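Taken together, the values in this text are just the output of simple stated rules run on the coordinates, not laboratory data. For clarity, every value in this text was computed on a predicted model and none was experimentally measured. Quick reminder, even Gly has a Cβ in these numbers, built from the backbone with ideal geometry, and neighbours come from all protein chains shown.
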Amino acid sequence: MIDIQELLDRYAAGERGFSSVGTIKHLEVPRGTNLSGISLRGCNLAMLDFTEVNLIEADLSEVTCQHTSFINADLRSANFSAATLWEGTDLSNSDLSFANLSQITVEDAVFNRANMTGVDLRQAYIKGASFQEANLAQVNLYDAWISSSDLRDANLAGVDLSKMKQWALNKVSGANFENVVTKSVSLKSDELGAVATNANLLSQISKEDIEIMKQEYLRFGDRLGAIKFFREKTGLELAPAKEAVDLVMSQMES
């Protein structure tokens, strides 16, 4: 563990790799600080404030963020691959253009008005995030999962939604879908209900097995048993299995 001042001093002395430090103490990084090219791979960045910090081409892969601020930060071409962004993480007004967010896990983080042009979101898992007025033009969403998120007034021009794993329960009123590839995806400007791609997770399990899951687990309130059953049948990871079971539960309640 180190504090921000020690990190800044070592960076100023020419050091760039800090992946071994683990946790960085909860302090504010001075606004306007240049940390371009720094490697914080695998670090715990919870409660840190990187507002208006230069993190161009920074290696932030596998970091954990919770109540972490990147507001107005310069994150162009930064690497967030396999990172985890929990609630309270705020990237509003940041520049994430051409950043790598592949295999990222995002729950309840904020990207409002962020520039995310050309961002790599392959195999990303995103739930409950806010992208209001964000620029998501040309992002790569191959095998990505986005649900229960707010994309109102966002720019998704040129995005291919047809190769996504899941698109469901997202708010998209006012969003720009010019030249979007949707294949079997149905989009409405006021969409609030479930909208699934042809790769909907529920298509990976037979109707018979869904019925077994309902009758042997869910009707008795055994959500965990249903998730385990779903994973055994599909081989999927825990997060998408939870989402799929929750979708079945919501269908049962409607």
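Rounded, prolate or oblate, given the Cα gyration tensor of region 1-106, with a/c below 1.5 counting as rounded? Kindly include the intermediate steps, with their values, before the conclusion.
Numbers: a/c = 1.31, a/b = 1.24, b/c = 1.05.
Rounded shape, in that the Cα axes give a/c under 1.5.
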Looking at the chain, do any whole DSSP H helices span at least 15 angstrom along their long axis by alpha carbon and average -1.0 or above on Kyte-Doolittle, and which?
-> 223-234, 238-253
Hey, any idea what Rg/Rh is for region 34-181, computing Rh the Kirkwood way over Cα pairs?
-> 0.94
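Work out how much length Arg16 to Arg31 would gain on full extension: take 0.36 nm times their residue separation and subtract the Cα-Cα distance, in nm to one decimal.
Numbers: separation 15, 0.36 × 15 = 5.40 nm, distance 1.90 nm.
Extra length available between Arg16 and Arg31 comes to 3.5 nm.
Given the C-alpha atoms of the chain, compute the convex hull and give its volume per residue in Å³. Before the final figure, lay out the partial values.
Values: hull volume 29.2 nm³, N = 254.
Dividing the Cα hull volume of the chain by its residue count gives 115 Å³.
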Compute the distance in nm between two label points, each set 7 Å from the Cα along the Cα-to-Cβ direction, one at Ser173 and one at Ile2.
-> 4.9 nm
Using 0.36 nm per residue, how much length does the chain from Asp160 to Ala239 gain when fully extended, once their Cα-Cα distance is taken away?
-> 26.2 nm
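Work out, step by step, the length gained on full extension between Asp222 and Val181: first 0.36 nm times the residue separation, then minus their alpha carbon distance; give nm to one decimal.
Numbers: separation 41, 0.36 × 41 = 14.76 nm, distance 3.81 nm.
Difference between extended and current length: 11.0 nm.
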Any lysines whose Cα falls less than 23 Å from that of Lys127, other than same-chain ones fewer than 8 residues away, would be Lys163, Lys165, Lys171, Lys183, Lys188, Lys228, Lys242
Quick calc: nm separation of the 7 Å Cα→Cβ label points for Glu208 and Glu253 -> 3.0 nm
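Based on the Cα atoms of region 202-253, what semi-axes does the equivalent ellipsoid have, where each is the square root of 5 times one gyration tensor eigenvalue, given in whole Å with the largest first? Please list the in-between numbers first.
Numbers: eigenvalues 42, 26, 21 Å².
Over the Cα atoms of region 202-253, the semi-axes work out to 15, 11, 10 Å.
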Gaussian network model of the chain, Cα springs within a sub-10 Å range: biggest mean-square fluctuation belongs to which of Ala134, Ala109, Ala241?
-> Ala241
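To the nearest 500 deg cm²/dmol, what mean residue ellipticity at 222 nm is calculated for the chain from DSSP H runs of n ≥ 4 alone, each contributing -39,500 (n - 2.57), summed and divided by the residues? Could the numbers behind the result be given before it?
On the way: 4 runs with 47 residues, N = 254.
After summing the helix terms and dividing by the residues of the chain, the value is -5500 deg cm²/dmol.
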